[in-house]
Ligand code: FAQ
């Protein structure tokens, strides 16, 4: 293809983005657009799959049948989200095996938030309320992202996330209105999950290397800082409603901005976790790599079965 032809395709592509048209797998797209989507979408898929681990830790210890059923359903939903997202990413020309390889070798990231431990039952409340709450705020704009398969996957994911957020908030509400010990558990979980939840929405806009280009391509519709502010403004009144205290002495309503001012985020901690030095990074990777290795026999068996079925079909056709 000549340079002139490429420029013309790029122009047409930019016009389609400006008209808010969805880009579909077989459409022409700039190589960087394809690669950026593979990066973000595969990391999103990995986050859903790794994100099953902190909550999976509590399924056998849920305090009642009702709580167990809800938690089990939630963790299964996260598996489903990971699978839609891997499928959507495959439409960009990368195989699932390559994506797993990138996760297992540390080439691909997954969300920092899943490298924190879930030490009490109240953490199931905090994860649902705060982590899924932040995930919804980040993902609702993605329902309108420019790449069709990603946008469509996000619509279903968001519907399920809203159930997740509510089940978490309900756990927190119940604990916060329970005995003094239960309230303390809820407050302790909020204290531990608040700051990592703010970090989860990504580095500040000034530090975010991808935001500018991703906003131009309408992959991202809102910046990391805007989403963080939205999350804080939405969550503070919820904490007040159930009588819990956000662990930030600098948190203050700013009448002029119509938003909360908040304290400094420990970005050193964030980057340490992203680089693999968080409290549970090693444990999470060990669990994922272990599952992949232990699952080899079943992948082989499924392939052998599919081949036999195909052979039988061919013999019958003769
Ligand atoms: N953790 O330039 P930016 C969920 C990396 S799903 C680790 O701002 P971007 C559901 C970033 O990748 C949670 N790394 O990047 C659930 C980049 O490095 P790279 C996941 C992070 O892409 C709930 C570098 O820093 N959600 O929670 C993080 O424009 C409960 C520079 O950053 C998604 O993935 C981080 N927190 O903005 C499941 C949503 N933040 O790639 C189970 C889709 C940034 O160049 C239980 N993703 N980095 O090596 C996005 O919206 C974006 O990718 C952002 C980051 C906003 C996460």
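In a residue-by-residue description of region 28-51, the property of being over 30 Å from residue 75 (Cβ atoms), more than 16 Å from the ligand (Cβ to nearest atom) and touching a strand residue (DSSP E or B) at 6+ places or on another chain (Cβ under 9 Å) applies to at least one position. Scanning region 15-42 for residues that are under 21 Å from residue 83 (Cα atoms), touching a helix residue (DSSP H, G or I) at 6+ places or on another chain (Cβ under 9 Å) and in a helix (DSSP H, G or I) yields a count of 6.
Residue 217 meets all of the listed conditions (1) surrounded by fewer than 19 Cβ atoms within 10 Å (Cβ to Cβ); (2) touching a helix residue (DSSP H, G or I) at 6+ places or on another chain (Cβ under 9 Å); (3) farther than 17 Å from residue 125 by Cβ but one, namely (1). Of all the criteria given as (1) more than 15 Å from the ligand (Cβ to nearest atom); (2) buried (at least 19 other Cβ atoms within 10 Å of the Cβ), the one not satisfied by residue 21 is (2).
Of 261, 300, all but one fail to be assigned by the TED database to the domain that holds residue 110 and more than 23 Å from the chain's Cα centre (by Cα); the exception is 261. Among the criteria (1) near the ligand (Cβ under 9 Å from one of its atoms); (2) touching a helix residue (DSSP H, G or I) at 6+ places or on another chain (Cβ under 8 Å); (3) outside the structural domain of residue 128 (by the TED database), the one residue 271 does not fulfil is (2). Among residues of region 282-293 that are modelled with pLDDT under 95, none has a beta-carbon under 7 Å from a residue that is part of a helix (DSSP H, G or I) and surrounded by fewer than 15 Cβ atoms within 10 Å (Cβ to Cβ) at least six positions away or on a different chain.
Somewhere in region 155-163, is a residue under 20 Å from the mean Cα position of the chain (by Cα) and within 9 Å of the ligand (Cβ to nearest atom)? The answer is yes; a qualifying residue exists. Can you name the residue in region 207-233 that is part of a loop (DSSP other than H, G, I, E, B) and more than 22 Å from residue 153 (Cα to Cα) and, of all such residues, is farthest from the ligand (Cβ to nearest atom)? Checking each candidate, the answer is 207. Quick check on my filter: what residues within region 185-206 are in a helix (DSSP H, G or I) and under 17 Å from the mean Cα position of the chain (by Cα)? Passing the criteria: 193, 194, 195, 196, 197, 198, 199, 200. Residues that are crowded, with 22+ Cβ neighbours inside 10 Å, assigned by the TED database to the domain that holds residue 235, within 18 Å of residue 224 (Cβ to Cβ) and free of Cβ contacts under 8 Å to residues at least 60 places away in the same chain occur at least once in region 139-160.
Does residue 1 satisfy the criteria of being modelled with pLDDT of 95 or more and either in the same structural domain as residue 111 (by the TED database) or surrounded by fewer than 12 Cβ atoms within 10 Å (Cβ to Cβ) (or both)? Judged against the criteria, residue 1 is not a match. The residues of region 52-62 that are touching a residue at least 60 places away in the same chain (Cβ under 8 Å) and more than 10 Å from the ligand (Cβ to nearest atom), listed by number, are 57, 58, 61, 62. Taking region 246-263 as the range and being surrounded by 12 or more Cβ atoms within 10 Å (Cβ to Cβ) and in a loop (DSSP other than H, G, I, E, B) as the test, the residues that pass are 246, 247, 248, 251, 262, 263. Among the residues in region 241-256, are any within 16 Å of the ligand (Cβ to nearest atom) and in contact (Cβ under 8 Å) with a residue 40 or more places away in the chain? Looking through region 241-256, none of the residues is within 16 Å of the ligand (Cβ to nearest atom) and in contact (Cβ under 8 Å) with a residue 40 or more places away in the chain. If you check residue 168 against the conditions, is it under 28 Å from residue 276 (Cβ atoms), within 12 Å of the ligand (Cβ to nearest atom) and either part of a loop (DSSP other than H, G, I, E, B) or outside the structural domain of residue 33 (by the TED database) (or both)? For residue 168, the condition - under 28 Å from residue 276 (Cβ atoms), within 12 Å of the ligand (Cβ to nearest atom) and either part of a loop (DSSP other than H, G, I, E, B) or outside the structural domain of residue 33 (by the TED database) (or both) - is not met.
The values are calculated or read from the model by the stated rules, or taken from the named source; none is laboratory data. Since the model is a prediction, treat every value here as computed from it, not as a measurement. Glycine also receives a Cβ, built like all others from the backbone with ideal geometry; neighbour counts cover every protein chain displayed.
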